[in-house]
């Protein structure tokens, strides 16, 4: 028996447009700082597995001072251009059964 559910993909609802026509309704002034990036890197749990980039959280945490500036530039450029690099969209998601009935 599969743990996955086959869903009806023919009747997918359209998301509501939450943005008006005014620029003030959009997220235009989002800016990341080096302190933001450093804080996030410092809060990584070292016992977690590496991501799709194969970089361990332990490594990222230890080199946070060196990579905070270029990562901040990348994040801000991504927000300004309204695009995310393709590699950032890659994720390995694996469902793991923990407890309860599998049915």
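Under a crude label model (7 Å from the Cα following the beta-carbon direction), how far is residue 81 from residue 56 in nanometres?
3.2 nm
What are the principal axis extents of the Cα atoms in region 28-89, in Å, biggest first?
Result, largest extent first: 36, 25, 16 Å.
Assuming R0 = 22 Å, can you tell me the calculated FRET efficiency for the pair residue 90 and residue 16, based on Cβ-Cβ distance, to the nearest 0.05?
Efficiency, rounded to the nearest 0.05: 0.20.
No value in this document is a laboratory result; all are computed from the given coordinates. The structure presented is a predicted model; accordingly, all values stated were derived computationally and were not measured. All Cβ positions, glycine included, derive from the backbone under ideal geometry; neighbour counts span all protein chains shown.
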